[in-house]
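K.L.:
Supplied in structure tokens, the structure appears directly below.
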Amino acid sequence: MGVCILIRGPLGVGKTTVARALAEQLGGLYVSVDGILAEHGLDKVEGECITAENFIKANELALPQARQALSEGRAVVFDGNFYHQAQIDHLVEVLPEPHYAFTLKSPLTVCIDRDSKRARVYGAGAATAVHTMVSRFDYGVSIDTSEMTLDDVLEALRGYLPEMLWERAV
């Protein structure tokens, strides 16, 4: 049986780097919620943010591939801000496999600095808005990545995930 792993957090915290590396290490499927939103024109801000409905539509678009990987006993690693609890609740409801969630955290100044060094810079305004929304609630295990390397974060995640996932990956 496969497992779902949610990697959530603000812009610039390292979600994508961590989620891609984790999926690769586990031989799992990597799902970029932001990529799905952009590809399908669902990334439009209405009011202060992208609506929960659009995030749930992105979930629905990811489900066929996720279900296939889960049926093969693989891990599915979702990478996203997950600043709407409804989006998380939806995934947990429609994918009843065991799930593990991690909220990656860093101070806003660290996230803005990291964002400024990326190929596609979103800017301090976007980083601040997303940081505020993601910080409204914690879900799963919280990990402060501000002083950690990628290997440190992956090692921390490993401590919370079943050993059988790593055994299968070898």
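Read the figures in this text as sums done on the coordinates, not as results from a lab. From a predicted model like this one, the values you see are computed outputs, not experimental measurements. Note that we place each Cβ from the backbone using ideal geometry, even for glycine, and neighbour counts take in every protein chain shown.
K.L.:
Per residue of the chain, what 222 nm ellipticity follows from adding -39500 (n - 2.57) for every DSSP H run with n ≥ 4, rounded to the nearest 500?
P.N.:
The per-residue figure over the chain is -15000 deg cm²/dmol.
K.L.:
With all distinct Cα pairs included, what does the Kirkwood hydrodynamic radius of the stretch 82-141 come out to in Å, to one decimal, could you say?
P.N.:
About 13.0 Å for the stretch 82-141.
K.L.:
Pull out the extension gain between residue 67 and residue 20, defined as 0.36 nm times the separation in residues minus the alpha carbon to alpha carbon distance; nm, one decimal.
P.N.:
Fully extending the segment from residue 67 to residue 20 adds 15.1 nm.
K.L.:
Given a Förster radius of 25 Å and the C-beta distance between residue 121 and residue 150 as r, what FRET efficiency does 1/(1 + (r/R0)^6) yield to the nearest 0.05?
P.N.:
According to the calculation, E is roughly 0.75.
K.L.:
Report the label-to-label distance for residue 93 and residue 48 in nanometres (one decimal), using points 7 Å from each Cα along the Cα→Cβ vector.
P.N.:
Taking the two extended label points, one gets 2.3 nm.
K.L.:
If you take the square roots of the eigenvalues of the alpha-carbon gyration tensor of the stretch 1-91 and sort them as a ≥ b ≥ c, do you get rounded (a/c under 1.5), prolate (a/b over b/c) or oblate?
P.N.:
prolate
K.L.:
Sticking with this one: Spelling out what I want: for every residue of the stretch 136-146, take phi, set θ = phi - 60°, compute 6.51 cos²θ - 1.76 cosθ + 1.60 (Karplus), and round to whole Hz; glycine and proline get x.
P.N.:
The phi angles translate into 5, 8, 9, 9, x, 8, 9, 10, 7, 8, 4 Hz.
K.L.:
Still on this structure: Could you tell me which helices of the chain pass both thresholds, a Cα extent of 20 Å or more along their own axis and a mean Kyte-Doolittle hydropathy of at least -0.5, with helices taken as whole DSSP H runs?
P.N.:
Taking the DSSP H segments of the chain (at least 20 Å long, mean hydropathy at least -0.5), we get 52-71.
K.L.:
For residue 117, list the lysines whose Cα falls under 23 Å from its own Cα; do not include residues on the same chain fewer than 8 positions away.
P.N.:
In chain and number order, the partners are 15, 105.
K.L.:
Counting other C-beta atoms within 10 Å, which of 44, 105 has the fewest, and how do the rest follow?
P.N.:
The most exposed by this proxy come first: 44, 105.
K.L.:
If neighbour count is taken as other Cβ atoms inside 10 Å, put 131, 40, 84, 90 in order from fewest to most.
P.N.:
40, 90, 84, 131
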